[in-house]
1. Give the average over all directions of the projected area of the C-alpha convex hull of the range 267-381, one decimal, in nm².
2. Mind checking the per residue accessible area of the range 366-484 for me, 1.4 Å probe, whole number of Å²?
3. For the range 144-197, what % of the accessible area comes from carbon and sulfur atoms, probe 1.4 Å?
4. Please report, in cubic angstrom per residue, the volume enclosed by the convex hull of the alpha-carbon atoms of the range 378-514.
5. Per residue of the range 365-375, what does 6.51 cos²θ - 1.76 cosθ + 1.60 with θ = phi - 60° give for ³J(HN,Hα)? Whole Hz please, x for Gly and Pro, Karplus curve as stated.
6. Peptides 34-46, 137-149: what's the order by average Cβ count within 10 Å, highest mean first?
7. Just list whichever of Lys84/Lys188; Lys84/Lys292; Lys149/Lys510; Lys84/Lys416; Lys252/Lys312 have alpha carbons separated by over 29 Å in the model shown.
8. Using the basic label-point model (7 angstrom from Cα toward the beta carbon), what is the Gln249 to Asp431 distance in nanometres?
Amino acid sequence: MSPATAPTIHFIGAIDQGTTSTRFIIFNQKGEIVAQHQIEFEQIYPQPGWHEHNPDELVSSVEECIDGAVAQFEKQGHSKAQIKAVGITNQRETTVVWDKNTGNALYNAIVWTDTRTQDLVRRLKQRLGASELTSRCGLPLSTYPSVSKLLWMLENVKAVKEAYDNGTLAFGTVDTWLTFKLNGGTTKNVYVSDPSNASRTMFMNLEKLEYDNELIDWFRLDRNKIKLAKIVRSSDKTAYGSLANTCLQGTKIMGCLGDQSAALVGQKGFTPGRAKNTYGTGCFLLYNVGDKPVYSTHGLMSTVAFDFGPGKCMYALEGSIAVGGSSVKFLVNNFGFIENSTKLSALAETVEDNGGVTFVTAFSGLFAPYWIDDARGTIFGITAYTQRGHIARATLEATCFQTKAILDSMGKDSGKDLEELAVDGGMCNSDLVMQTQSDLIGIPVNRPAMRETTALGAAIAAGFAAGVWSSFEELQEVNLEGSTFFKPQITVEAASKRFERWEKAVQMSKGWAN
Ligand SMILES: Nc1ncnc2c1ncn2[C@@H]1O[C@H](COP(=O)(O)OP(=O)(O)O)[C@@H](O)[C@H]1O
Ligand SMILES: O=P(O)(O)OC[C@H](O)CO
């Protein structure tokens, strides 16, 4: 075929703004990575339990990653004009507030893991009607959703309260902040969010996919005094605007998904019964329940999986674990146990088992399915025999035990047991973690060769709107080759025994932060 008649090859870019790092990845039409750039940014811990990000650094990290990846892409002989669209995926719940007149942030972003709102949440729980919130928005009242972070800022940050009183306060999750800034801020004033992100605020009615005025009133907020993002589909040709800066200036943003939803999409979890578990900073299991929300009675959340338009809007049951890979980072950064995260498994493998040590990594309390806000990180079973390897092993096991607890809840809520668990995220690079996971849950764990499924999900959302893909079916072949399967190697009895020790430790970790 002559170059003039050869079909044009299209590419899609994905911004993945996670809790510890930002990436920009360029995918081809087969869902393969062509170029990527990643950078870590500052984690700010001003006080115990507090966790912040600099909102401007989130934006600059995205811009730097775009320029870095596109430079690589062009070195391969491609043209940036072949990048049809860009998708965004982001850490969820993390809350940014800014002045809508200046476009400047009024405080650091309060990160989803932050527990400073614990007392505020306890006060809210005393209010009449508190127990009915979950049935409207899918989330439990806790330190986790964005609303508690916004209320804290209104109570404690003068500039935020003043902006609210003056009617100039803008509030957003990270997707909204990024699209606002990437579009050029106050020159374009783009204020949008997709349902998978908006459903993490506690302001959105889960069934209607619209803000629920009764929820906003319940939190005693005046909607007229806060600029909220317009909720639009996760895949949309025009609503998200286009990039104002970087070498991709003018390229349209056509997709947006919260990172856990994006991972479900990237794992092709399009149909009911499909599930994935992402071992990133936290760890999040999402189970597609179909086109109607299912409300958990066993400690899980109901959330929007993705909204790609009529017939393609799905809900999920979600089990969120606050501390996943961050426990590994903790051993690296705070204790210098090892040089970097990739070395922890090797340290854990210097011992045969956990030597009787159990580490409840409740740095932010315990999320699903326990929801114990006053638990804190506790290590049980230390004796004179304990080595660093035992602590390393107990740290890795903690996420696997919580995943087992979540799967048990999911089985009870859905009436079905999962046959296989699809995994991704940084911590899934550890074979030891994956084998331990399979042993504890008693089903195979399926790890794809290409693990950037979160970014792939954002690319799919944008690629659908851009016309690169038009049906879920044509994506089924993506990322199938080269998966690794971890199969259970211990008996059900042995797994139950280990899990009983964990459950005992969870009960004993309660009440510390009271
Ligand atoms: N080989 C490994 N073994 C254990 N943990 C790892 C390994 N590689 C990365 N991690 C952990 O994975 C996390 C990063 O995963 P990632 O999916 O990039 O997270 P996020 O999107 O939340 O920034 C870090 O917390 C890191 O400690
Ligand atoms: O950054 P991750 O991958 O741990 O994901 C953060 C979640 O979206 C928080 O709900």
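1. Details: hull surface 36.9 nm².
With the hull built on Cα positions only, its mean projection is 9.2 nm².
2. Values: 4230 Å² over 119 residues.
Result: 36 Å² of accessible area for each residue.
3. Details: 680 of 1460 Å².
Percent of accessible area from carbon and sulfur atoms in the range 144-197: 46.
4. Numbers: hull volume 23.7 nm³, N = 137.
Looking at the range 378-514, the number lands at 173 Å³ per residue.
5. Going residue by residue, I get x, 10, 8, 4, x, 7, 6, 10, 6, 9, 7 Hz, with x marking Gly and Pro.
6. Numbers: 34-46: 15.5, 137-149: 25.3.
Descending mean neighbour count gives 137-149, 34-46.
7. Values: Lys84/Lys188 21 Å; Lys84/Lys292 32 Å; Lys149/Lys510 23 Å; Lys84/Lys416 40 Å; Lys252/Lys312 22 Å.
Over 29 Å Cα-Cα: Lys84/Lys292; Lys84/Lys416.
8. Taking the two extended label points, one gets 4.9 nm.
The values are calculated or read from the model by the stated rules, or taken from the named source; none is laboratory data. The shown structure was predicted, so the numbers you read here are calculated from the model rather than taken from an experiment. Here the Cβ is made from the backbone with ideal geometry for all residues, glycine too, and neighbour counts use every protein chain on show. Protein only, heavy atoms only, side chains kept; ligands, DNA and RNA dropped before computing areas. Shrake-Rupley method; radii C 1.70, N 1.55, O 1.52, S 1.80 Å.
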